[in-house]
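Reviewing the structure listed below.
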Amino acid sequence: MSALHKDEQGDWQTVCLKYLLFIFNFLFWMGGAAVLGVGVWTLVEKSDYLSLLASSTFAVSAYILILAGSLVVVTGFLGCCAVIRERRRCLSVYFFFLLVIFLIELVAGVLAYVYYQRLSEELKQHLNQTMSENYAQPGKEAITAAVDRLQQDFKCCGSNNSQDWAHSVYISSIAAEQRVVPDSCCKTITHACGKRDHPSNIYKVEGGCITKLEQFLADHLLVIGAVGIGVACLQLHLLLLKTSRMTGQKKGAPG
């Protein structure tokens, strides 16, 4: 009876462990989906603005999150197979991949945080030069489209103010057709509406487009950092909890 009781107890503990591992896998998937979603959201929404940045750190952080999220989704299947077939070697590989994913997400979060600290200075040094030297120039179509979208989306004109356009290559050229600002500065875009820079016609936002873009990128970087570091810590906690459960299961197994 005692041996039978031990066998039944062992079977019950095994079933409980399996259910716990499935629950943990589901939580990992949820975290991975969140990380993947934030990475895709960062690149898809307002992705044109990436061409206006001096460095690629912002995009790299998003790509790292997409990589980590994809790995979590794929690795989750490995964990389920390991639990169903009760193969400890597969579980060891699964735990190894989860540790790698944790490090990847942590790197993305740290990168986002570091870039957040120097974002303002980069925009001040780079955006005005980019807009004044590259707007509407041959081979710079992506930057031109990004600037037009920036000014329309955020209802701003110029890097610091509309007067910045007076020093641009485009406004100084014949192609401008006597415009004082690009047409994308206008509240209602019509052909050559940029010839009149009255506040009733164009956007005059305090701080210009730099302030608007900085706030937009800062918000995204905070989300990337919070999700990357937060989910990584959550997954590490779950991993340690899962490991302790398995260790306890081994110790409690009948000899």
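A few points about this structure:
- Accessible surface of Cys193 - all protein chains present, 1.4 Å probe, nearest 10 Å²: 10
- Simple spin-label estimate for Ser70 and Thr190 gives 4.8 nm between the two label positions (7 Å along the Cα-to-Cβ direction from each Cα).
- Heavy-atom SASA rank of Glu141, Glu133, Glu214, Glu206 (probe 1.4 Å, accessible area, largest first): Glu206, Glu141, Glu133, Glu214
- Placing dummy labels 7 Å off each Cα toward the beta-carbon, the span from Ala175 to Asp153 is 2.3 nm.
- Residue-level accessible surface for Cys209, protein heavy atoms, 1.4 Å, Å²: 0
- Label-to-label distance for Ile23 and Lys124 is 5.2 nm, based on points extended 7 Å past Cα in the beta-carbon direction.
- Rounded accessible area per residue of segment 155-238, 1.4 Å, Å²: 49
- For the residue pairs Lys187/Lys212; Lys155/Lys187; Lys124/Lys187, the alpha carbons lie more than 19 Å apart in Lys124/Lys187.
The values are calculated or read from the model by the stated rules, or taken from the named source; none is laboratory data. Here the structure is a predicted model, which is why all the values come from computation and not from measurement. Cβ coordinates were reconstructed from backbone atoms using ideal geometry, including for glycine residues, and neighbour counts include every protein chain displayed. Quick note on the areas: whole protein, heavy atoms, side chains included, nothing else; ligands and nucleic acids left out. Shrake-Rupley method; radii C 1.70, N 1.55, O 1.52, S 1.80 Å.
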